[in-house]
Amino acid sequence: MSSSNLAVLNALDNARIQLYHVTAIIIAGMGFFTDAYDLFCITTVSKLLGRLYYYDPITGNPGKLPTNVNNVVTGVALVGTLSGQLVFGWAGDKLGRKKVYGVTLIIMVICAIGSGISFGSSTKSVIGTLCFFRFWLGFGIGGDYSLSATIMSEYANKKTRGKFIAAVFAMQGVGIIFAGLVSMILSKIFLSRYHAVPFSKDPILSTQPQADFLWRIVLMLGALPAMLTFYWRMKMPETGRYTALIEGNAKKAAVDMGRVLDIDIQEESDKLSEIRASNNYELLSWEFFDRHGYHLIGTMSTWFLLDIAFYSQNLTQKDIFPTMGLTKQAADVSALEEVYETSRAMFIVALLGTFPGYWFTVLFIESLGRFFIQVMGFIMMSSFMLLMGVFYDGLKEHKWLFALLYGLTFFFANFGPNSTTFVLPAELFPTRLRSTCHALSAAAGKAGAMIGAFVVQTYTLDGDVTKIKRALLALSFTNILGACFTFFLSETKGKSLEEISGEDGGQNRTRTAAS
């Protein structure tokens, strides 16, 4: 028996592109926009936190977050994200995609606002409260990752599924751009109202007291896009694949999908029992390992290796910019000027390097395929990081050439593994385990991101050229490893989800690109 004969699944696979597909991309994409904004806006204000709360006149230098505090402030949301991915990924398979999809947004709204309010009468209490809310903010973001990918893959038709999932993920690029843009605009507004001298002229007056409101506003604005999409997210029906293959209700699946998509679906119940019986295996079983073991190893390892490099780049750029002369040294600017310069540099890199890469993936993923784009991206990232690491001293004298190479690593991360590692886990695994396996893959990625936040950042915080070179060379090596582990994966373009996962009744077993 082939599940491709099940009318609701066949209709979804072959449905023409309709308004509801676009609506689903926007709803899921706005969640991803929020995720990226919330995760990366901390980069624009973390140096300001150091000036406000950690200034020590004895040092003669601007206030700076201690290394361990900086790593926790910028990395605690990633710990929460990893936890949320595992919890909500499992819940998405057990309780349904829709039931837990709204919960993630509620958590994100509350904790984004809480992050900005962060109260306390001492430095420790303010930073501690901020870290508490950013952990739970990450927890909500983690759930959004796997559920957005799973829902989009199960709504899409087989010819454009990769484009749709990649388009949702591309909103991460928009979120990163807005993290820089919002911080840049707000810091400029504050500067126009509250001018201050550089630190070198007056250490005390260089930090405007009003700057304490700036970082809070930047963090709280992350709640706005989540609030705007909550109503529409709650109106989305459960995916037809979950309703049919997991709940066993083909009639409801047909009614739900027929209501939102302009397709004629016949009700079928008699074919479901045989399909469900042939795919009734657990994650921790030999049958799962036989069918999908190599795929899971491949998706987890490649996402892990990619995120070491990707999050290291995003979280450490505030430290690399001054070293390369892309922004002024801390002593030559006031606190708000430092925020403005850091966010402006971040905005330019994101706009010219990060953002285009996502949309190149959307354009070419169905023609070039997921496998080719991922391998190519890893190799190109490795090459540019190797060049920056080897010729770092010379590049310091040619800051725009460095900025070009730095931007190209972002471009090929996104026209490469940063997009495909999100797409492939949403396609390779069976419906009953899809959300969980995507969550495991994404959680492996966040483990890599934590290495970027807690280890790689340590090499860049003090601007030591030798340490930065070592970090770049190490990241070049991790990207080569990522290209190698991609051979554990198989191409998925143009196939139905059931054909890829073996739910179509065939004797599909794990096939990797290497085989």
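The values are calculated or read from the model by the stated rules, or taken from the named source; none is laboratory data. Since we're looking at a predicted model, the values are computed, not measured. Backbone-built Cβ (ideal geometry, glycine too); neighbour counts: all protein chains shown. For accessibility, only protein heavy atoms count, side chains too; no ligands or nucleic acids. Shrake-Rupley method; radii C 1.70, N 1.55, O 1.52, S 1.80 Å.
So which of SER441, SER435 is modelled with pLDDT under 95 and open to solvent by less than 10 Å² (accessible area, probe 1.4 Å)?
Just one listed residue meets the conditions, SER435.
Is at least one residue of segment 222-234 in contact with a Leu (Cβ under 9 Å, 6 or more places away or on another chain), surrounded by 19 or more Cβ atoms within 10 Å (Cβ to Cβ) and over 30 Å from GLY96 (Cβ atoms)?
no
Cβ-Cβ below 7 Å, separation at least six or inter-chain, first residue in segment 125-152 and closer than 14 Å to ALA112 by Cβ, second hydrophobic (A, V, I, L, M, F, W, C) and surrounded by fewer than 20 Cβ atoms within 10 Å (Cβ to Cβ): which pairs?
THR129/PHE119
Please specify each residue of segment 283-297 satisfying the condition of being among the aromatic types (Phe, Trp, Tyr) and open to solvent by 40 Å² or more (accessible area, probe 1.4 Å).
Of everything in segment 283-297, those that are among the aromatic types (Phe, Trp, Tyr) and open to solvent by 40 Å² or more (accessible area, probe 1.4 Å) turn out to be TRP286, PHE289, TYR294.
I need the full set of residues from segment 329-368 which are touching a Ser or Thr at 6+ places or on another chain (Cβ under 7 Å) and aliphatic (A, V, I, L, M), in order please.
ALA331, ALA335, LEU336, VAL339, ALA345, MET346
Hey, which of the helices (runs of 4 or more DSSP H) in segment 146-243, taking only ones fully inside, have at least 3 residues that are within 23 Å of PHE422 (Cβ to Cβ)? Don't jump to the end; show me each part of the working.
Working: elements: 161-193, 211-220, 223-235.
Answer list for segment 146-243: 161-193, 223-235.
Being surrounded by fewer than 21 Cβ atoms within 10 Å (Cβ to Cβ) and in contact with an Asp or Glu (Cβ under 9 Å, 6 or more places away or on another chain) is the filter here, so list the residues in segment 472-493 that pass it.
Matches in segment 472-493: LYS493 only.
How about segment 406-484: which helices (runs of 4 or more DSSP H) wholly inside it have at least 2 residues that are closer than 25 Å to LEU283 by Cα and over 15 Å from the mean Cα position of the chain (by Cα)?
Because the criterion is at least 2 residues that are closer than 25 Å to LEU283 by Cα and over 15 Å from the mean Cα position of the chain (by Cα), the helices (runs of 4 or more DSSP H) in segment 406-484 that meet it are 425-428, 434-451.
Among the numbered criteria (1) open to solvent by 10 Å² or more (accessible area, probe 1.4 Å); (2) closer than 27 Å to GLN85 by Cα; (3) more than 14 Å from the chain's Cα centre (by Cα), which one does MET381 miss?
So the condition that MET381 fails would be (1).
Would you confirm whether any residue within segment 45-59 is closer than 30 Å to TRP359 by Cβ and in contact (Cβ under 8 Å) with a residue 12 or more places away in the chain?
Looking for residues that are closer than 30 Å to TRP359 by Cβ and in contact (Cβ under 8 Å) with a residue 12 or more places away in the chain, one finds at least one in segment 45-59, hence yes.
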